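*Asks:* Just passing along the structure, written as structure tokens.
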Amino acid sequence: MQKDLQNLPSETSVTGLIHHPYTPPAGFEAPQPGVFKASTVYFPTVAHMRQREWKDKSAYTYGLHGTPTTYLLEERLCTLEGGLQCVLVPSGLAALALVALAVLKTGDEVLIPDNAYGPNKALADGELRHFGITHRFYDPMDPQDLSRQITPRTRLVWLEAPGSVSMEFPDLPEMVRRCRERGVLCALDNTWGAGLAFKPFDLLGDGAGGEGSLAVDFSAHALTKYPSGGGDVLMGSVITRDAALHLQIKLCHMRLGLGVAANDAETVLRSLPSIALRYAAHDQTARTLAAWWQKQPQCAQLLHPAFEGAPGHAHWQALCDHAPGAGLAAGLFSVMIDARFSQAQVDAFCDGLKLFKIGYSWGGPVSLVVPYDIASMRQAWPGHLKQGTLVRFSTGLESAQDLMLDLHQALQAHLPMA
């Protein structure tokens, strides 16, 4: 057939360029996988077109439904988190939205921890409310409060470990048990854990994610953070172990037309082999800086789950630190600056940092800092938080000593002790 194609008459070489018969030989292997970009996918015959199935990844039908590049990334992410099925979406927030839109309908209710990622709250208060889906917030540190708030209308419970910004670590296994007892689906924003600090589909560490393990129903992950590692890619994933739930996710994903760019998938694939090394490096630097902060009189409270006295430290220990001293805790921590300092002074301190850049997100090579107004983010001021102004730090891959010197100079210049 290709010889016939070569012999077709053509007044120009354009047709020959478009329908060129050459196919590279098979068998090429290299450290990085190939990148396949496609909207249109060819079928050899009409019969093949009608027979191909994309839902189980057994074939290709259209670029939006998967290519070798996206299938490969999905499978590797399943290995990272211990899931069986994965879909890719354009951002971490898109992953949260996909779970909600796939399982919730008019009249349903979703419960969200009061310390959840802000855009997830905004999604519930905006689009979900417009669709007739109600929401309520529960105390993330009180499993009994979660149980009290579950009603016959509750269809989905969101979990975060630790909570966004204020870094409280919940009793995640107990929260999942409460959902199981009431027959409610539970979804975890697993961006912080990244599949490394703990396994969302094997929370007790006793079943390798197999049948009977204590597991969440959905793990949503902002691949923008640690899997990417460069601060230059927006992407998210939703991972499941249940085939029926995955089909719900997959069909909603298809109907919404969600997809990711092949080059973005390539970037995450390139970064994944080093994620454990980078995660550990971020973690070590964060602990070094957090220990330094504990000694500073400007620090009213250190919020880092691996440190004794931090809200939920015992829960972090139980879930992430099975071999004492070996538990992981990512590269995030927050400091409650003493209430004697004004918001303007704290802002000036952040502005005065030279190595820490002011910016959202985390998991990249550059350290970041953001001050937050906790009072505007919670239903009420949490009893376990001291009064003051909260500043969140995300450690990059710089020298911990250099970052410490940067913190010191900014403290001396803008938050001096009288």
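*Asks:* Looking for whichever is buried (at least 21 other Cβ atoms within 10 Å of the Cβ), aromatic (Phe, Trp, Tyr) and either in contact with a Ser or Thr (Cβ under 7 Å, 6 or more places away or on another chain) or not assigned by TED's automatic domain parsing to the domain that holds residue 200 (or both) here; the options are 341, 307, 349. Which one fits?
*Replies:* Being buried (at least 21 other Cβ atoms within 10 Å of the Cβ), aromatic (Phe, Trp, Tyr) and either in contact with a Ser or Thr (Cβ under 7 Å, 6 or more places away or on another chain) or not assigned by TED's automatic domain parsing to the domain that holds residue 200 (or both) holds for just one of 341, 307, 349, which is 349.
*Asks:* Restricting attention to region 385-418, report how many residues are free of Cβ contacts under 8 Å to residues at least 40 places away in the same chain and over 15 Å from residue 287 (Cβ atoms).
*Replies:* Total satisfying the criteria: 5.
*Asks:* If we only count strands (runs of 3 or more DSSP E) wholly inside region 120-218, which ones have 2 or more residues that are over 27 Å from residue 395 (Cβ atoms), within 17 Å of the chain's Cα centre (by Cα) and of a type outside the set (S, T, N, Q)?
*Replies:* Hits in region 120-218: 185-189.
*Asks:* Name the residues in region 313-347 that are of a type in the set (A, V, I, L, M), outside any helix (DSSP H, G or I) and closer than 30 Å to residue 200 by Cβ, would you?
*Replies:* The answer is 323, 326, 328, 329, 330, 332, 335, 336.
*Asks:* Pairs under 6 Å by beta carbon, first residue within 16 Å of residue 110 (Cβ to Cβ) and in contact (Cβ under 8 Å) with a residue 12 or more places away in the chain in region 132-154, partner part of a loop (DSSP other than H, G, I, E, B) and among the polar types (S, T, N, Q), six or more apart or different chains?
*Replies:* Here the result reads 132/106; 137/379; 140/115, each pair linking region 132-154 to a residue that is part of a loop (DSSP other than H, G, I, E, B) and among the polar types (S, T, N, Q).
*Asks:* Quick check, is residue 141 in contact with a Leu (Cβ under 6 Å, 6 or more places away or on another chain), at pLDDT 95 or above and within 27 Å of residue 386 (Cα to Cα)?
*Replies:* Working: in contact with a Leu (Cβ under 6 Å, 6 or more places away or on another chain): no; at pLDDT 95 or above: yes; within 27 Å of residue 386 (Cα to Cα): yes.
No.
*Asks:* Output the residues belonging to region 109-135 that are in contact with a Leu (Cβ under 6 Å, 6 or more places away or on another chain) and either basic (Lys, Arg) or under 21 Å from residue 375 (Cα atoms) (or both).
*Replies:* We begin by selecting, within region 109-135, every residue in contact with a Leu (Cβ under 6 Å, 6 or more places away or on another chain); these are 110, 119-120, 133.
119, 120 - these are the residues of region 109-135 that are in contact with a Leu (Cβ under 6 Å, 6 or more places away or on another chain) and either basic (Lys, Arg) or under 21 Å from residue 375 (Cα atoms) (or both).
*Asks:* Go through the residues of region 68-76 one by one and say whether even a single one is without any contact (Cβ under 8 Å) to a residue 60 or more places away in the chain and assigned to a strand (DSSP E or B).
*Replies:* The answer is no; no qualifying residue exists.
*Asks:* Suppose the filter is within 16 Å of residue 315 (Cβ to Cβ), surrounded by 24 or more Cβ atoms within 10 Å (Cβ to Cβ) and touching a Ser or Thr at 6+ places or on another chain (Cβ under 8 Å); does residue 188 pass it?
*Replies:* When the stated conditions are applied, residue 188 passes them.
*Asks:* Would you call residue 347 among the acidic types (Asp, Glu) and modelled with pLDDT under 95? Even if it seems obvious, please write down each step before you answer.
*Replies:* Details: among the acidic types (Asp, Glu): yes; modelled with pLDDT under 95: no.
Judged against the criteria, residue 347 is not a match.
The values are calculated or read from the model by the stated rules, or taken from the named source; none is laboratory data. Please read all numbers here as calculations on a predicted model, not as lab measurements. All Cβ positions, even for glycine, are placed from backbone atoms using ideal geometry, and neighbour counts span all protein chains on display.
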